[in-house]
Amino acid sequence: MMTLWAKERKWVFLSLGITLLIVLFGIWTMFHMPSEQWHAREFKGLFKNYGSQARILLFAVLAYYVFKIMLQRRWLEQWLILKRSAIVLSRLIRKLHTPLAVLAIGVIILHIVGAFLYGFKLDFANVSGLIAGIVLLPVPLSGVFRYRGLDRKWHLRLGLIFAVLFLIHAFL
């Protein structure tokens, strides 16, 4: 009989493989451009597209916590149809949380590499993105500890700090 971790593990490994292919292809593509094109407007559009894709994936990853809080605090008790829909979506998003997060981190890596190739300046967008990226580093590691029961809520805390910094970087 497969445990919950064993069932999720195949999706995590599949998403790790897909992410590795996407990152390797993206980095290969960027480094096989002539270096003069790294500072062109088209290249800026390329790495900004990676950021937009990461934003969509991260909204799906963070939606798990939104549904979890809505159900725990019983905000949907009055509306039975909404509550049932939220329960179904919460189960679906829970299964997709880790694979989508792995994909999002891969796309964020491409976004960071593209930003550094384009040219790093000490402006608000670059510094806020750099800080958000630094805060993101321990989140996957604490997520692994979360499965083992050794987390002490660091995954949630660091994830929420990253979410705030990410929103500042993405929208300000």
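Each reported figure results from applying straightforward, stated rules to the coordinates on display, with no laboratory input. Please read these numbers as outputs of a predicted model, since none were measured by experiment. Cβ coordinates were reconstructed from backbone atoms using ideal geometry, including for glycine residues, and neighbour counts include every protein chain displayed.
Points to keep in mind about this one:
- Cα-based helix-to-principal-axis angle, 80-118 vs the chain, degrees rounded to 10: 20
- Each Cα pair of the stretch 102-165 feeds into the Kirkwood radius, which the Stokes-Einstein equation turns, at 20 °C and 1.002 mPa s, into a diffusion coefficient of 169 µm²/s.
- Efficiency of FRET between GLN37 and LEU156 - r from beta-carbon atoms, R0 45 angstrom, step 0.05: 0.65
- Cα-based helix-to-principal-axis angle, 124-136 vs the chain, degrees rounded to 10: 50
- When the listed pairs LYS48/LYS121; LYS44/LYS95; LYS83/LYS153; LYS95/LYS153 are checked against a 22 Å cut-off, the alpha-carbon distance exceeds it for LYS44/LYS95; LYS83/LYS153.
- Folded to 0 to 90 degrees: helix 41-72 orientation relative to the chain principal axis, Cα: 10
- One way to sum up the overall shape of the stretch 33-133 is the equivalent ellipsoid from its Cα gyration tensor, whose semi-axes run 38, 13, 10 Å, largest first.
- Extension gain, ARG73 back to VAL12 (0.36 nm per residue minus Cα-Cα distance, nm): 19.0 nm
- Kirkwood-type radius of the stretch 61-104, with distances r between different C-alpha atoms, in Å: 10.7
- Expressed per residue, the C-alpha convex hull volume of the stretch 1-78 stands at 118 Å³.
- Under 11 Å, Cβ to Cβ, from HIS111 - net charge with Lys/Arg +1 and Asp/Glu -1: +2
- Positive-end ranking of LEU16, TRP28, LEU100 along the dipole of the stretch 1-101, with charges on Cβ about the Cα centre, is headed by LEU100.
- Set against the labelled values [x] 35.0, 108; [y] 18.1, 60; [z] 16.4, 50, Rg and Dmax of the Cα atoms in Å computed from this structure falls on [y].
- Cα-centred dipole magnitude for the chain, charges only on beta-carbon of K, R (+1) and D, E (-1), debye, nearest 20: 900
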